[in-house]
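Shown next, in structure tokens, is the structure this report addresses.
The values are calculated or read from the model by the stated rules, or taken from the named source; none is laboratory data. Just so it is clear, the model here is predicted, and its values are computed rather than measured. Quick reminder, even Gly has a Cβ in these numbers, built from the backbone with ideal geometry, and neighbours come from all protein chains shown. Accessible surface is based on the protein model in full, side chains and every heavy atom, while ligands, DNA and RNA are left aside. Shrake-Rupley method; radii C 1.70, N 1.55, O 1.52, S 1.80 Å.
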Amino acid sequence: MKNQVIAIDQSTSATKAMLFSAEGKMLKRVNVAHAQIYPRKGWVEHDAMEIYANTLSAIRELLADREADGTNYSLAITNQRETVVVWDKETGLPVYNAVVWQCMRGEEICRNLRDAGQEETVRSRAGLLIDPFFSASGVKWILDNVEGAREKADAGTLAMGTIETWLIWKLTAGRSFVTDYTNASRTMLFNIHTMDWDDELLALFGVNRSMLARPLPCDSIFGVTTLDGLFDTPVVIAGAIGDSHGALVGQTCFEAGLGKATYGTGSSVMVNIGENAAPAPEGLVTSVGFAALGKVFYAFEGNIHCTGATLKWLQDKLQLITSPAETEELATSLPSNEGVYLVPAFAGLGAPWWNPNARAAVFGMTLDTGKAHVARAGLESIAYQITDLVSAMTERAGISVKGLRVDGGPTRNNFLMQFQADCLDVPVDISDIEEASAYGAFIMNRYALGLWKTFGEAAATRKSRAVKQPDSSVRHLMEQWREGWRHAIDKLM
């Protein structure tokens, strides 16, 4: 009998359904987009019922041509984090649209708590900054502003949850009201030391404990479902994990000191810091990285505003290139940066500097400076920023960085990847995984069903497109170049 896994990746813009073989090979993928709702400036919502309907629709399309060959299916879920749904347990309907992680409606709530000196309370218990990015302020806003919501919450008839909790509750017809540790750790209501909801944090945000799902490790059995009648016999929901955490697992970062970086418009960086929840460097957060095989691993996380966006700026605004791919040839035409540095603070400087008022600048230009210098400086700025962030994370955790697993479009730039390895002085492993988050959910599915029993079994399935080793011959030069970068940052600040 074949064993296949339906992996749901419910992201900010769409719901993806993917079919994996028992060995982890992706067989098919279906993508169904959902509406982005903007009621007013800075507010972002999703229709939670549309997301549930799209999930069913995507799975039906995924399995439309399946054969009656006795294949045994199971379901795994990864999801956009922090986005939160509040619904009526009796009707099964949301009392309001889902408040999306991008939504800023909770800023006043968060500002009031910061002004009241509650930052250390939240950081020490939840590992997070007080910010509307996380779920709690969205829940409080709904309870305070939706007619009858507070009364229903007090009566115990309301539920709240991140997207995986909502989908599991709907898929199981309300029989399973559960969440996983990673998603729970992004709500600002969860104590990452006790692995349970925190009464003091619940009181800060006025959230009733009766609204909260039971938290479980990522490799748990979360329920069973017929997928709204698609199957005659229920299939098991095994494995759930937040999307960035799923990518950490999908990149098999199972050891402290291993991290993943996704190179996109900006860059999301997450480093496994081991089994102790160390306080994060300023401006970063500590979350549950993943929980599996009886262990809980923590992670530091930070985001860089402009990486791939810098290359788009060179193309669209300066018109120095017609494609980001051209930067590789331009960069390699020079023996070094020749003292030219681009600090891409187009939207301020993100982690680990956190200066929202900084603005981009190019330093060190002379009459000999040409477009090759600026292109190379743009590529180097990506590597410098990620190195600074990873270094801040590992130094705070008291661990050594062992390697960086990377994905995203810019990873096809050989100059950038080699420079990143030289800058970090560790191997940079370029992933061949097409959907890292979904693959992380697949790995949790294998553990939940007892089919894999060690981290090594999952790690053995990971394939690399390439591995860039640091070049020891440029180590002394890299120290000089990084010093020049630090001087450029200091000048900008």
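Reported count of residues in the range 177-215, each being over 30 Å from ARG111 (Cβ atoms), open to solvent by 20 Å² or more (accessible area, probe 1.4 Å) and in contact with a strand residue (DSSP E or B) (Cβ under 6 Å, 6 or more places away or on another chain), is 1. Whenever a residue of the range 322-336 is touching a residue at least 24 places away in the same chain (Cβ under 8 Å), its partners that are assigned to a loop (DSSP other than H, G, I, E, B), lying with C-beta atoms within less than 8 angstrom and at least six residues away or across chains, give the pairs PRO324/ASN413; ALA325/ASN413; THR327/ILE321; THR327/ASN413; GLU328/ASN413; LEU330/ILE321. Of the residues making up the range 20-30, those that are of a type outside the set (Lys, Arg) and either assigned to a loop (DSSP other than H, G, I, E, B) or within 11 Å of GLU435 (Cβ to Cβ) (or both) are PHE20, SER21, ALA22, GLU23, GLY24, MET26. Condition first: more than 12 Å from MET211 (Cα to Cα), of a type outside the set (D, E, K, R) and in a loop (DSSP other than H, G, I, E, B). Now tell me which residues in the range 143-159 satisfy that. Of everything in the range 143-159, those that are more than 12 Å from MET211 (Cα to Cα), of a type outside the set (D, E, K, R) and in a loop (DSSP other than H, G, I, E, B) turn out to be VAL146, GLY148. Every residue in the range 450-493 that is more than 16 Å from GLY364 (Cα to Cα), in a helix (DSSP H, G or I) and either without any contact (Cβ under 8 Å) to a residue 40 or more places away in the chain or out of contact with any Cys (no Cβ under 9 Å at 6 or more places or on another chain) (or both), please. If the condition is that a residue be more than 16 Å from GLY364 (Cα to Cα), in a helix (DSSP H, G or I) and either without any contact (Cβ under 8 Å) to a residue 40 or more places away in the chain or out of contact with any Cys (no Cβ under 9 Å at 6 or more places or on another chain) (or both), then PHE455, GLY456, GLU457, ALA458, ALA459, SER472, SER473, VAL474, ARG475, HIS476, LEU477, GLU479 are the ones that fit. Once the range 427-452 is narrowed to residues that are open to solvent by 10 Å² or more (accessible area, probe 1.4 Å) and hydrophobic (A, V, I, L, M, F, W, C), the residue that is modelled with the lowest pLDDT is ILE433. Cβ-Cβ under 7 Å, sequence separation 6+ or interchain: first residue in the range 250-267 and at positive phi, partner of a type in the set (A, V, I, L, M) and open to solvent by 10 Å² or more (accessible area, probe 1.4 Å). Which pairs? Pairs that qualify, where the first residue is at positive phi and the partner is of a type in the set (A, V, I, L, M) and open to solvent by 10 Å² or more (accessible area, probe 1.4 Å), are THR252/ALA459; GLY257/ILE399; GLY257/VAL401. Whether any residue in the range 38-50 is outside any loop (DSSP other than H, G, I, E, B) and closer than 28 Å to ALA277 by Cα is what I want to check. No, the range 38-50 has no match at all.
For GLY239, the requirement of being buried (at least 24 other Cβ atoms within 10 Å of the Cβ), part of a strand (DSSP E or B) and at positive phi is met.
Within the range 55-75, is even one residue among the acidic types (Asp, Glu), open to solvent by less than 10 Å² (accessible area, probe 1.4 Å) and either out of contact with any Ser or Thr (no Cβ under 6 Å at 6 or more places or on another chain) or closer than 30 Å to SER137 by Cβ (or both)? No, there is no match, as no residue in the range 55-75 is among the acidic types (Asp, Glu), open to solvent by less than 10 Å² (accessible area, probe 1.4 Å) and either out of contact with any Ser or Thr (no Cβ under 6 Å at 6 or more places or on another chain) or closer than 30 Å to SER137 by Cβ (or both).
From the list ALA292, ALA247, ALA278, exactly one residue is under 14 Å from the mean Cα position of the chain (by Cα) and either open to solvent by less than 10 Å² (accessible area, probe 1.4 Å) or under 24 Å from MET188 (Cα atoms) (or both). Which is it?
Being under 14 Å from the mean Cα position of the chain (by Cα) and either open to solvent by less than 10 Å² (accessible area, probe 1.4 Å) or under 24 Å from MET188 (Cα atoms) (or both) holds for just one of ALA292, ALA247, ALA278, which is ALA247.
Selection of the range 402-420 for residues being modelled with pLDDT under 90, surrounded by fewer than 18 Cβ atoms within 10 Å (Cβ to Cβ) and either polar (S, T, N, Q) or in contact with a helix residue (DSSP H, G or I) (Cβ under 8 Å, 6 or more places away or on another chain) (or both) yields only GLY409.
Considering (1) assigned to a helix (DSSP H, G or I); (2) within 28 Å of GLY246 (Cα to Cα); (3) β-branched (Val, Ile, Thr), the lone condition that ILE109 does not fulfil carries the number (2).
Got a number for residues in the range 469-493 being among the basic types (Lys, Arg) and touching an Asp or Glu at 6+ places or on another chain (Cβ under 8 Å)?
Residues meeting the conditions: 1.
Just one of the listed residues (SER323, SER287, SER268, SER336) is open to solvent by 10 Å² or more (accessible area, probe 1.4 Å) and part of a strand (DSSP E or B), and it is SER268. A search for C-beta distances below 7 Å between a residue of the range 191-206 that is without any contact (Cβ under 8 Å) to a residue 60 or more places away in the chain and any residue that is outside any strand (DSSP E or B), counting only pairs 6+ apart in sequence or on different chains, returns TRP197/LEU189; TRP197/ARG209; TRP197/LEU212; LEU202/LEU189; LEU202/ARG209.
Yes/no matrix, rows are residues, columns are (1) hydrophobic (A, V, I, L, M, F, W, C); (2) open to solvent by less than 60 Å² (accessible area, probe 1.4 Å); (3) under 23 Å from SER210 (Cα atoms):
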| site | (1), (2), (3) |
| --- | --- |
| VAL85 | yes, yes, yes |
| GLY92 | no, yes, yes |
| ASN97 | no, yes, yes |
| SER124 | no, yes, no |
| TRP141 | yes, yes, yes |
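Of the residues making up the range 344-368, those that are aromatic (Phe, Trp, Tyr) and touching a His at 6+ places or on another chain (Cβ under 9 Å) number 2. Residues in the range 160-175 that are β-branched (Val, Ile, Thr) and either modelled with pLDDT under 95 or not in a helix (DSSP H, G or I) (or both): THR162, THR172. Within the bounds of the range 357-368, is there any residue that is modelled with pLDDT under 95, open to solvent by 10 Å² or more (accessible area, probe 1.4 Å), part of a loop (DSSP other than H, G, I, E, B) and closer than 30 Å to CYS218 by Cα? Within the range 357-368, none of the residues are modelled with pLDDT under 95, open to solvent by 10 Å² or more (accessible area, probe 1.4 Å), part of a loop (DSSP other than H, G, I, E, B) and closer than 30 Å to CYS218 by Cα.
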